[in-house]
Each structure stands twice: as C-alpha cells, then as structure tokens.
Protein chains: 2
Amino acid sequence: MTENNLAERIASLHFLFNPRSIAIIGASQNPAKPSGQPLIALQKNNFLGKIYPVNPRYQELRGLKCYPTLKAIPDEVDMAIIAIEVSAVLEVLEECGQKGVKAVVVFTSGFAEVGGEGIELQKEMTRLAKEYKFRLLGPNCMGIFSSRNSLWADFPLMDAPEDILVPDYFGFVTQSGGFGCIFYDVVKAQRIGFSHFVSTGNEADIEFSEIIAYMAEDAYTRVIGGYMEGVKSGALFFQAAEKALEKEKPVILIKTGRYETAARAAASHTGAMVGSDKVYDAFFRQKGIIRVESIDELTALLLILAAGKIPRGNRVGILSASGGTGVLLADKCAEYGLEVVSLAKETQEKIKNLLPDFASYANPVDLTSAIVPEPGLLFECAHVVSTDPNIDVLLICFYNLGVNEAILNQIIKAAKTSAKTVVNIVWGDENVCQKQIRYLNDQFVPAVREMEVAVKALSSLIKYNSRRQMFLQEKPVSLVPLKAKEDVAAILAQIVPEAKLTEEEAKQILKTYDIPVAKEEVAASPEEAVAAAARIGYPVVLKILSPDILHKTEAGGVKLNLDTPEKVLVAYKEIITNASSYRTGARIKGVLVQEMLPAGVETIIGISQDPVFGPVVMFGLGGIFVEVLQDVALRVVPLTKSDAYEMIDEIKGRRILDGVRGQSPVNKSAIAEVILKVAQLAQDFPQIKELDINPLICSGKEVWAADALIVLR
Amino acid sequence: MTENNLAERIASLHFLFNPRSIAIIGASQNPAKPSGQPLIALQKNNFLGKIYPVNPRYQELRGLKCYPTLKAIPDEVDMAIIAIEVSAVLEVLEECGQKGVKAVVVFTSGFAEVGGEGIELQKEMTRLAKEYKFRLLGPNCMGIFSSRNSLWADFPLMDAPEDILVPDYFGFVTQSGGFGCIFYDVVKAQRIGFSHFVSTGNEADIEFSEIIAYMAEDAYTRVIGGYMEGVKSGALFFQAAEKALEKEKPVILIKTGRYETAARAAASHTGAMVGSDKVYDAFFRQKGIIRVESIDELTALLLILAAGKIPRGNRVGILSASGGTGVLLADKCAEYGLEVVSLAKETQEKIKNLLPDFASYANPVDLTSAIVPEPGLLFECAHVVSTDPNIDVLLICFYNLGVNEAILNQIIKAAKTSAKTVVNIVWGDENVCQKQIRYLNDQFVPAVREMEVAVKALSSLIKYNSRRQMFLQEKPVSLVPLKAKEDVAAILAQIVPEAKLTEEEAKQILKTYDIPVAKEEVAASPEEAVAAAARIGYPVVLKILSPDILHKTEAGGVKLNLDTPEKVLVAYKEIITNASSYRTGARIKGVLVQEMLPAGVETIIGISQDPVFGPVVMFGLGGIFVEVLQDVALRVVPLTKSDAYEMIDEIKGRRILDGVRGQSPVNKSAIAEVILKVAQLAQDFPQIKELDINPLICSGKEVWAADALIVLR
C-alpha cells in the first residue's frame, strides 16, 4: 500500500466496517468489563456475522462455543477484538497475522500513551500490522460501532438507540474514547442516528484521517464528525478532507489545543503528534472543515443539516416577536458575517398588509403579539419573507408562546414549504423551550435556544458551501513551466544541504519562477558598485551580501536612495565596515546594488515547514504587523487560486492593501500570483526549509521582491 | 432637583417603588387588556396599599368602588397608572399634578416612538412632570413590579412566582417591555426571585440609569440586570454605575447595537439616543459593568452570584471526567484569560494517592471513572483541589453520571465546604443533564451545560471583582495645579468658538498642563528659522503653521532632520511653496522650528466628544495602527490612574510598547500621566471639542508631544 493511494487505504478498511466473522480474544462473562461487553452487544443487537469467543478458561460463553485460541477456530476470521492484558498482545497479533485476520481492534492499554517500553511495544505492533497486511484499530481504543451491520465491536456502547429520526446519518471518529461517549449520548438525545462510531486510540496503524476518508466514500454517512487532538500525517488529512468536500459530506471537528497550555495537555493525552494549532485552523478553513467548540454548536449544525437545506448565501431575513430581540439577533448576524438585508419592496408591502400598524416591516420584522390570536398569520409572514429573492436564510425568534401547537405547526409548514434554510430561536422559560424545541426538531425544523449558536452554525455552513463550490469549480493550475523547475533544480543541486542561500541566489530562484524581482547586480568593490548603479539607473539601494548576516538592516548593511556615484562610494565602504563589526568573521561576498523601488505597501510571503502538514505558505503585511500582531494568513501547500485570494483578504490589516492615506489600492492579483508561485516552489522542492520574500513591495500595478531569503534543509 | 444630585434623584423615586395608594386610570374589566391587568394582579397578590380604579363607565370594579375621575378620589394618591388612549393622556397628567400624585406609570403608546406629533406630546409630558414634580415612568412602558410590596403596577406580569429559592434577589430594568418579559421567565425558571422589574419605555422622565441607581441603594436587591438600547445622559449613567460599584451590586447588562445596522434598528425601536457602541463598551469596562450577550451567560452569572462567592483571582483548578474534556476546558480557560495553574506539590501528592494509576494528577486532573464506584472519592478530590492555595476557582466537568444523587451530593458538599467559587459543567444526554443541573442549582451549586458559558461568566466576575477593588482603593487625584487651569482658561478666552488652534497655541496649552512638548519656536522668515534652529540646537524639524492645514505631511509641510543652516533655509522656502499650492488662500502664520526628537514609539492621545458620554479620551499607537486597525482604547472622562494604565495595556499592539526589534520598553507611567492630564483638560474645559497629540513620541525614559491639534466648539 503506497502512502498516497487513498483509494487503497479506504478499501483496506472494508473488513473493519464489514466483518463477516469476529473473534473476541479474551472474551469474559463479566458484563462490566470491556472484555465482556462486545459479545453481549453483538448478540443483543443481532449482528449478522459469526461470533467466536476466545478464552481458554471457558468451554462456552453466552450460548456460543468458546475457543481456547484463535488458531482453534475452524473458519475464516475477518475481525479480531483483543481485550487481553498488555503482555500477551503482541503474541496474539502474530497469531492474527498467521490466521489471515483482516481487521484487529485492540482495546488493551499500556502502549505509547504510558511512554517508555510502551512506545517500543506499539512500534512492534505497527510492524506486525504492516508485515501481515491486516489493519489495526487502537491500541487503547474503545473500538468501533457501525449501525447497518449491527457491528458492536466496542466496549462502552451497547444499546441500539431507539426513536431515531435520521438513521445512519452521522459518522463520528474520536481520538478520545471518553469524549466520544459523551458525544454519542448528546447526539442520540437529538434523535440523530450514527452510521459509524470509531475510537482510534493510539493509532498504531489506522489513522483518524483514514476513517474520515472511509466515511466520505460510505454510501450512508451524510455528515462526518470528529474529536481530534492531532493527526500524524498532514498529507493524508489533506486527501481525506478533499474527498469529503468532493462527496459533499460536511466535516465537523472538535479540536483541542488551540492554546499552548491545552496543547501540552493534549500531547500528553495521546500519542498523536500535535502541530501548530494555527496551521490546523488555517487548514480547516482551506478545506471547508467546520471547527466547533461546543456541544450546542455541533447539535445545531446536525439539526440544520438534517433538514437538508444548506444555506446558499449569507443574506438573512429575521422575524422576531419583539423589537429588542430582533435587534439583538441582527447584532449577532453582523458579528458572524451574515447580512441582514433590506427586504424587497413587494415583501415589505405584503408584510405591511399582514401586520398591525405598530409592527416593524423592515428587516428585522417585528411580528408583535398579533401572531397569537390570528390563525395562520405567522405562516403568512414567514412564507412571504422566506420567498423574498433577497434572502437566503430565514431566522425566526419567538418566545412565551408555550407549546402552542397551532403556532408551532405554522412554523413547521413555513419551513417545509420553503426551499431556504429556516432556523428557529426559542426564548423563554427553559422547561417550556425544551418542549418547543423538541416539537420542532422532531419535524426536522431546526430550533435552538441561543442566538449565537444558530448564527454561528449558519455562518459555518455558508462558508462550507462557498468553499465547496470553489473546490468543484477550480482546476489545479500550473503557473510555472517545466523548464523553470529544471532550472531551479540545477541551481539547488549546486548548494549543500542546510545552507542559507545568498540574497542573489535566492532571487535567482524567484526570477526563474517568474516572480518579479528588483533589478540588481552584485558588486565586489566600490568601483563595481558605481558601475552597476549606472547600468541599473539612479537612485539605487546598497545591501550587504553575506550568508552569515540574516538581518541586514540591524547590521547597518542597507543604504537607501543613493542618487549619485559619490554616495554609492561612501555607502559601500560604510556597509562593509558595519557588517564586519556586526559579526566578526562574517563571510562577505560583496554588496548588492539594487534599483530603488517606488514607495508601496510592504508585504511578506514565506514558506515554513510544519511538522504535521509540511510546507505552509504565509502571507502578511511587512514589518510590525507580522512581528507584533501576528497578523498573517497561512495555507497548506498545494494551494488553489482562491486560497491565494482568501489569504490576502484574511489579514486584519487588509484595508492597507485597499489604499489608505490617499494611496491607490495594490494589485491583488499580482500578489496572488506570487503566493501561488511560492507555493509551487515549496511543492516542487521539499528541500526548501524556509523561504521569505520580505518585503514584497506592492504598488497599484506591480509587485517586486525586494529581498529574499532561502534556507535549505 | 439638580441634574447631578443622584441622592435626590434616588429619593424622588421612593413612591414609584413604595406607593401607599394607587389609582388605575382607565381600569377595565377585560383581563386580556393592559388596562384590566394591574387591578387583577394587585388584588391577587395582596398589595398592601389602597387601590382606586378610575373609569366613568363603571360604578364598581372587582369589588372596589370605581371613580369617574382622579379628582373624585377622596384620599391621597401616591401612584397613578395610566391606561387610556393617547389623546386623553396629557389632560389626565395635568389632573395628576393637581391631585399631588407622586409617581405616574404610563402604559399608553403613541408618543416619541411613532415620531411626528408623538414627539411633541412627549415633550409636553416631560414638562408636566417637571412642573408638578411628579416622576413619570413611560410612556409606552409595561410598568413596574416590586416584590416586597406586592406592587404589580404592570401589565404583562400577573403571577407571583412560586418555588423561588432566592427571593428579592435580582433587580431588572428594561428599555424593551417584550424583551424584559422573556428575561422575567428565563430567570424565574432558574428559581431566582426579582426584587424589582421596571420597564422604562420611552423615558420621558425617569431614565434607565436612575433605576440602576435606585436598585444599587435598595437594601434587598443583590444583583442588578438590564436590557438597554442606550441612555440619554452619560453623566447620570456614570454616577449610577459608580453607586453600584460602591454598594457591591454587580450590574449585568444586555445592550444592543454593537454593530452599525443593529444600532440603526435600535435607534428606531425606542426614542433613546444611541451613542457609539465602542464608547459604551469602553465605559462598561471602566466601571465594571458586565456585558452579556446570551441568556445562558446571564443565568450562569446569576447562579454563581447566588452562591455568594465571587472569584478573587483567575487561577483555575480543573477536575474532569476524561482527558479530552479537561483539555478542551483548559483551552476555553486560556481563551478567556483564566490561568490553569500548576497545583501545589502537596495537592498533587494527595490526588495521586486518591486516584488510580492511569489518572492524570496535573491540572486538569483526570478523575477517570474511578469516582463512580468509590464512595466519597469525588468529594475528596474536589476538596483537595479547592483547598490548594494556588487556585481561586474550581471547575468540575463530568458526564454520564445520570442523576446519581450520591455523586451529586459529593459535589454539593465540596462546594458548600469550600470558600472558593466552584462551578460545574455537566455534559451528556440533554434530558439527563437538565435534571443534574437542576439538582445542583437548587442547592446553590452553580451548574451549566456549556464550558464557554461557565468560563465566560467566571472571567466577567473576576474582572468585576478586580475593578471593584480598584474603585475602592483609588482616590481621585489632581495632577494639575489650579494655577494651570487659570492660565489655560486665559488662553482659551482669547480664542473664538469653533476655532482650530494653531499647533503653537495647542502646545502652549499642553505645556501649561505640564505635558512635555518638543522644544520649538515660530519663525516668520527663512532667517528667523535659522536663528531659531541655532537656539534649539541642530538637527531640527520644520513644520508649516497654518490654521487651514490640518494634515501637514500630506501638504508637504514637514521637513525632518535638517542639520545645517543651509538645509533650514531651503526647507523653509519649500514648505511655504508646498503649503500654498496644497490649499490656495490658506492662512500661513509661518513655520515651526522644532527639536528633532530621538526615535521612539509613536502613540496618539486624544479627546473626542461622544453625544451621550461627553468627553472621551483615546489612546493608541500612531499611524496605521489607529487608522487601519482601529486599535484604540477609550475611556469616559473623568479617569482614574488605573483607567490610564488599563488603556495602555488594552491595545492589541501593546507589545510594541514593551520593546520590539531590540528597542527598550517605553516608559508607561510617563504615558499614563499624559493620558490623565489630557483627561483633566477635557474635564476642565468642556469647550474643547477635539484634541489630538499625534504623535506622542515615547522613549525608554521620556515622552514628547511632537504635534498637537485642538478644536473648540
């Protein structure tokens, strides 16, 4: 199985989800123990395949013949559940391999998560899985539940949920068993059914991303969820995320470690390697993964998705039962980028005819209490607003209606007859609210208690939808001809690993990829500098050229705006003196004579290496913006064109690019092109460890790389 | 009654809250109408005073004699409720005045909120209240409910709540009646009792802030809440907020209009004048007002406050039922500035002895499922952590316990025996959670469903507490001698209203208030400029001096770093030419010759006038930080010393002040002193409409106002 073949990886998981026979190694009759639970659950829920308990202590277990060893089972075994003590696990895995078992689920703990010898044991486990070509879930996991097959190969979950409205709907994968169990309960309470529930434990073999990819391909799963602390391979996660986008399966993740202290705790909690949370966060945005941070947010998303109407845009109509609530809701919409637009003239007229004089017909529409006595009025208003071509989403916020079925049914009718997303916010006495919410949700009309939850969920889905549309429309582009790649390869072949390239070398590489670079020449003497300046044209800039000096300005190694030969002569000498005293013994290769570029906005474009995701492209404004405010946009390589444009729009200081203080706006497509070419460089040459174009000077028409740094690994 | 006498204002509200007799003008027998409800509610809930229905159509109403007019009532009337049509209201108010009524509650709508003639009617209403010295609540309000007197002088609320755990606890004032009703229900469902509930309507007379102040003084109210769209007088709000701080009554407000569109809707919803939301937000911070945005947040705050233990610091201990939840909770704590600290060695040892091997003893403490079978174990762990001197707050997050009273009672015991704030987060099946939460909350042990809600509420209370401590410790300081005030008054007396002062005049004022200003002289010719430069010392800066040119750099009116007499001569001429061509006819008073200041961090300190709050002081970093990122801190005048320091720490770019790129940190106390003196100027001279010190150059030791602008009104 090659690292990169996702289809093969997905196929290899077939027997994890669809075993025809299961051996439970270490099966016990204690229903309170992990070793006792799968047999009970599989029997109770009528697993359709064969079950073979394995335990030398029993002849028979719950009416089934119990085998002393795996070997003793006369038939083929697709899956083995291992619930024995840690010291015996490796031996049994060897037996699994010999028996031709295709999927192994290891409940047992005591591996990488305890450190020391456990890490070695786990490595051996990984090796065995590779050698015998079986797939292994765990160790230290809670197993797998899969609803269509009644596959209860897990220990905490034992009862098929009742009263499920949407069966086989939600596929969930978790890196924390305990956490997964909570979510199982939370989601079940909303009457939403699971297609699969997978606890990946230490991930000695099967990774989080593979489960995501499997569920993306799976015919039943409609929404994918997960609790993650970190993935091992960013590349695999990248592929899985694109598979989910392609198949229109929204991925909703809870990821810990947003803050450093928490990240430390997460790293100690499992064996997963945790990269920078900022890169994860950027990646989620890049691939339309919805990151949630609360239970309510997750359930709201599931409820809206279960209704089957993902909002197609961000224009919101609001119906509220009081002016104040409407305003508060409009506030929330603004906070999350939803637009409370003007209703069409015609809509306003219709609403005016429907509602009493003291109501408000603008958006938010203030329904007043008139809807209570007047049968059908709420439906009429909701219908009129939801069919307004100006709006994509209808938000209804009401309260103090009690569980008034006549009213609630109007909302249900309006939602059912509308092609648009309708979400309800229900305020008031908590006990009454819960009943109203249940009544609506049971009819697939999403209802929640908090404005923020509704608005945040909608905002996430709108972004998901727009990201998916872009994904479907965008074809990968190559901005760089093959010849350029060969030329850069030839340059890099001359340079030893881990070297810092000179500015000249770095710029040569940029130029080869057709990234605009300021005109420049190297001068090894004051006289050469003057000659170069004449060729380039005055005024010029002089910069020290030394592989040992990274921060040139700090070293006094930069002189700007030199407009005469005399000034160039003086500057040359000063720079050499400054550089030598800044760092004794620094290798000085001369001075770079450069055209003095027009004033423009200074930006930075760079590459760095993330331990999980590999090359990451960074864009930001130059100077203090990056250093102090960390106002940068990140994307994982490879990038699409819209990724590049999104990066430019994402930074907080973006208004500077639109022109402040009378400056003209910069040429964003020129910047986007440089971002894409830099990303291409990172992709083509994994040996580039760091790259910095700082600054990229951006004017209204052109951009120029004024300085460049490349470090190899 | 003077504008500023808060005590008088509070006293004048006595009969609004404590009427001995009430006339209901327009009383009807229809229980569905506002005019029918107060009588029913007052009778049902045994109002202790006298009730006089007034309506010429009835002889008798609900067993009480009904009077044809107010005048016809033989006794004194403290309060009149007016529930008649709009056209008759003014006449009745006149009667109220003549009868000596002390408090009037006007339900009737159709005043300022409808615009046009309604505005005039309301003005007349205000005039009548002033003339006859009665206080008037409304119009367009829902009235007042006050629990100790069974005063139900309102129309939507009619039933005394049952099962209240904390009676007379929460005082609520609302600018939206409908909104208020929701909150009444929400809070009641938490078994928390209201001391007072006041709907202020259009505020023709009684303002939102007065009700806050009254409740701050009130012996029963322990927490004050409100829904506001805006206040009329910032000064009154300022006083009320300080009164509440003084009396240790936390004020929790929901304010709409955070975003511009919503602000527009809010302004149309009531007649209240809406200032900039940013100033409100700054003011809330300044005076420890807690701004909430959701129902859950408000109830969480009330529950924590009802338990009576406001957290004294931000150091948190976490007990969680799984590693994953602990990490997620630690993430949330970090987001809201709570510190998940290391537990004391001793605490860690104790926990280690209590819990099984695979648990985590660090903070977060991972309890594992060991707490379920082991009686008293959860209490022991909670007790050990909550008594750790390193922590101020204990957060417990558990799930899947069912309504296990044995377990819940341990949490209750731990909370009750701890001097510290203990808050529970309960996860899992919603229906089960609700029961657990109710069980805990009924014992005054705060419990909520979402981590964010708990952490945000705690963070708000920690800030409230620290703000209150500062308030109690800080004495007002005057940094400026009386003589300086007289001198500035003399300068300003020379200048016509609405004038823009020259830089020289502006700086003279700053100097008089002992704000450091760069050395400078005015020159009216190139020769004078050279002479001035000699006195000041080279290098110097030249700047155009013209009341018609505000943006000097843009006008080509600034030349820096001139180090010879020749350069000064040339620069002078250039500046004059540039300025004349930049704005034809500009009055040019010469050129300012200024010492060239050392490099430093450029900051801005300014004053602007808010329509509600009056003078507001602004602090920010110079240049693009203010313009593009709007990264500024605001405070309403007058300021305390800690306000000034908080402003400096509040800006996002504050790291720049701590020294970046090898620069030394700036002298923050020097900046704070300038902020305070500028605030003093704003307070002493209301005629200053705008003031800008831009830049204030800040070095490691000193600060200098390098440019200054003052505009009068």
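The values are calculated or read from the model by the stated rules, or taken from the named source; none is laboratory data. Remember, it's a predicted structure, so these values are computed and weren't measured experimentally. For neighbour counting, all protein chains shown are included, and Cβ atoms are generated from backbone atoms with ideal geometry for every residue, glycine included.
B:GLY337 fails exactly one of the following numbered conditions: (1) surrounded by fewer than 20 Cβ atoms within 10 Å (Cβ to Cβ); (2) modelled with pLDDT of 85 or more; (3) closer than 19 Å to B:ALA414 by Cα. What is the number of that condition? Looking at each condition in turn, B:GLY337 falls short on (3). Scanning the stretch B:388-417 for residues that are farther than 12 Å from B:ILE371 by Cα and either free of Cβ contacts under 8 Å to residues at least 40 places away in the same chain or acidic (Asp, Glu) (or both) turns up B:ASP388, B:ASP392, B:GLY402, B:VAL403, B:GLU405, B:ASN409, B:ILE412, B:LYS413, B:ALA414, B:LYS416, B:THR417.
Of the residues screened, A:VAL678 is one that is away from chain B (no Cβ under 14 Å), closer than 21 Å to A:ILE607 by Cβ and touching a strand residue (DSSP E or B) at 6+ places or on another chain (Cβ under 6 Å).
If I go through the stretch A:577-594 residue by residue, how many of them are in contact with a helix residue (DSSP H, G or I) (Cβ under 9 Å, 6 or more places away or on another chain) and either of a type in the set (Val, Ile, Thr) or not in a strand (DSSP E or B) (or both)?
Taking the stretch A:577-594 and keeping what is in contact with a helix residue (DSSP H, G or I) (Cβ under 9 Å, 6 or more places away or on another chain), we get A:586, A:588-594.
Still in the list and also either of a type in the set (Val, Ile, Thr) or not in a strand (DSSP E or B) (or both): A:586, A:588-591, A:593.
Looking only at that region, the number is 6.
Only residues that are within 15 Å of B:GLU91 (Cα to Cα) and over 30 Å from the mean Cα position of the chain (by Cα) were counted across the stretch B:106-117, and they come to 1. Testing A:GLU217 on (1) surrounded by fewer than 24 Cβ atoms within 10 Å (Cβ to Cβ); (2) at the interface with chain B (Cβ under 9 Å from one of its Cβ atoms); (3) closer than 20 Å to A:LEU151 by Cα, one condition comes back false. Which one is that? With respect to (1) surrounded by fewer than 24 Cβ atoms within 10 Å (Cβ to Cβ); (2) at the interface with chain B (Cβ under 9 Å from one of its Cβ atoms); (3) closer than 20 Å to A:LEU151 by Cα, A:GLU217 is out only on (2). Inspection of the stretch A:609-617 finds a residue satisfying the criterion of being surrounded by fewer than 17 Cβ atoms within 10 Å (Cβ to Cβ), touching a residue at least 40 places away in the same chain (Cβ under 8 Å) and assigned to a loop (DSSP other than H, G, I, E, B). Applying the criterion of being surrounded by 14 or more Cβ atoms within 10 Å (Cβ to Cβ) and within 14 Å of chain B (Cβ to nearest Cβ) to the residues of the stretch A:543-557, the residue that is nearest to A:GLU521 (Cα to Cα) is A:LYS552. Selection within the stretch B:370-387: residues that are part of a loop (DSSP other than H, G, I, E, B) and modelled with pLDDT under 90. The member of this set that is farthest from the other protein chains (Cβ to nearest Cβ) is B:PRO375.
Considering A:PHE170, A:PHE179, the condition of being in a strand (DSSP E or B) and either among the aromatic types (Phe, Trp, Tyr) or within 13 Å of another protein chain (Cβ to nearest Cβ) (or both) is satisfied by A:PHE170 alone. Could we say that B:VAL426 is within 14 Å of another protein chain (Cβ to nearest Cβ), under 18 Å from B:ALA382 (Cβ atoms) and in a strand (DSSP E or B) here? In short, yes. The requirement of being over 25 Å from A:ILE697 (Cα atoms) and not charged (D, E, K, R) is satisfied by A:LEU482.
Within the stretch B:112-140, the residues that satisfy the criterion of being modelled with pLDDT of 95 or more, closer than 23 Å to B:PRO38 by Cβ and not in a helix (DSSP H, G or I) are B:PHE134, B:ARG135, B:LEU136, B:LEU137, B:PRO139. With respect to A:GLN98, is the statement that it is surrounded by 14 or more Cβ atoms within 10 Å (Cβ to Cβ) and in a helix (DSSP H, G or I) true? Judged against the criteria, A:GLN98 is not a match. All of A:ALA706, A:ALA670 fail the test of being surrounded by fewer than 22 Cβ atoms within 10 Å (Cβ to Cβ) and over 18 Å from A:GLN609 (Cα atoms), apart from A:ALA670.
Taking the stretch A:340-369 as the range and being assigned to a helix (DSSP H, G or I) and either within 11 Å of chain B (Cβ to nearest Cβ) or buried (at least 16 other Cβ atoms within 10 Å of the Cβ) (or both) as the test, the residues that pass are A:THR347, A:GLN348, A:LYS350, A:ILE351, A:LEU354, A:SER369.
For the stretch A:221-259, enumerate the residues that are within 14 Å of another protein chain (Cβ to nearest Cβ) and part of a loop (DSSP other than H, G, I, E, B). Those that are within 14 Å of another protein chain (Cβ to nearest Cβ) and part of a loop (DSSP other than H, G, I, E, B): A:GLU229, A:GLY230, A:THR256, A:GLY257, A:ARG258, A:TYR259. Is it the case that some residue within the stretch A:44-57 is surrounded by 14 or more Cβ atoms within 10 Å (Cβ to Cβ) and under 19 Å from A:GLU210 (Cβ atoms)? No, there is no match, as no residue in the stretch A:44-57 is surrounded by 14 or more Cβ atoms within 10 Å (Cβ to Cβ) and under 19 Å from A:GLU210 (Cβ atoms). Please specify each residue of the stretch A:59-87 satisfying the condition of being under 17 Å from A:CYS141 (Cα atoms) and in contact (Cβ under 8 Å) with a residue 60 or more places away in the chain. Listed by number, the residues that qualify are A:MET79, A:ILE81, A:ALA83.
Filtering A:PRO31, A:PRO38 for residues that are part of a loop (DSSP other than H, G, I, E, B) and out of contact with any His (no Cβ under 9 Å at 6 or more places or on another chain) leaves a single hit, A:PRO31.
This table checks each residue for (1) within 30 Å of A:SER209 (Cα to Cα); (2) modelled with pLDDT of 95 or more.
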position	(1), (2)
A:THR584	no, no
A:VAL591	no, no
A:GLU595	no, no
A:GLY606	yes, no
A:GLN609	yes, no
A:ASP631	yes, no
A:VAL636	yes, yes
A:LYS641	yes, no
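When we screen A:SER109, A:SER195 for residues that are hydroxyl-bearing (Ser, Thr, Tyr), within 14 Å of chain B (Cβ to nearest Cβ) and either on the phi < 0 side of the Ramachandran plot or buried (at least 23 other Cβ atoms within 10 Å of the Cβ) (or both), the only hit is A:SER109.
A:CYS397 fulfils the conditions (1) within 34 Å of the chain's Cα centre (by Cα); (2) over 22 Å from B:PHE179 (Cβ atoms); (3) of a type in the set (A, V, I, L, M, F, W, C) except for a single criterion, (2). Selection within the stretch B:651-668: residues that are without any contact (Cβ under 8 Å) to a residue 24 or more places away in the chain and not in a loop (DSSP other than H, G, I, E, B). The member of this set that is farthest from A:ASP631 (Cα to Cα) is B:LYS668.
A:ILE22 - would you say it is modelled with pLDDT of 95 or more, of a type outside the set (Lys, Arg) and under 29 Å from A:LYS243 (Cβ atoms)?
Details: modelled with pLDDT of 95 or more: yes; of a type outside the set (Lys, Arg): yes; under 29 Å from A:LYS243 (Cβ atoms): yes.
Considered against the rule, which asks whether it is modelled with pLDDT of 95 or more, of a type outside the set (Lys, Arg) and under 29 Å from A:LYS243 (Cβ atoms), A:ILE22 comes out as yes.
Going by the conditions given, is B:ASP548 on the phi < 0 side of the Ramachandran plot and in contact with a Phe, Trp or Tyr (Cβ under 6 Å, 6 or more places away or on another chain)? Working first, answer last.
Values: on the phi < 0 side of the Ramachandran plot: yes; in contact with a Phe, Trp or Tyr (Cβ under 6 Å, 6 or more places away or on another chain): no.
So B:ASP548 fails the test.
Evaluate the following for B:SER459: is it of a type outside the set (A, V, I, L, M, F, W, C) and assigned by TED's automatic domain parsing to the domain that holds B:CYS397?
Working: of a type outside the set (A, V, I, L, M, F, W, C): yes; assigned by TED's automatic domain parsing to the domain that holds B:CYS397: yes.
Answer is yes for this residue.
Counting the residues of the stretch A:300-331 that are in a helix (DSSP H, G or I) and either away from every other protein chain (no Cβ under 14 Å) or without any contact (Cβ under 8 Å) to a residue 60 or more places away in the chain (or both) gives 9.
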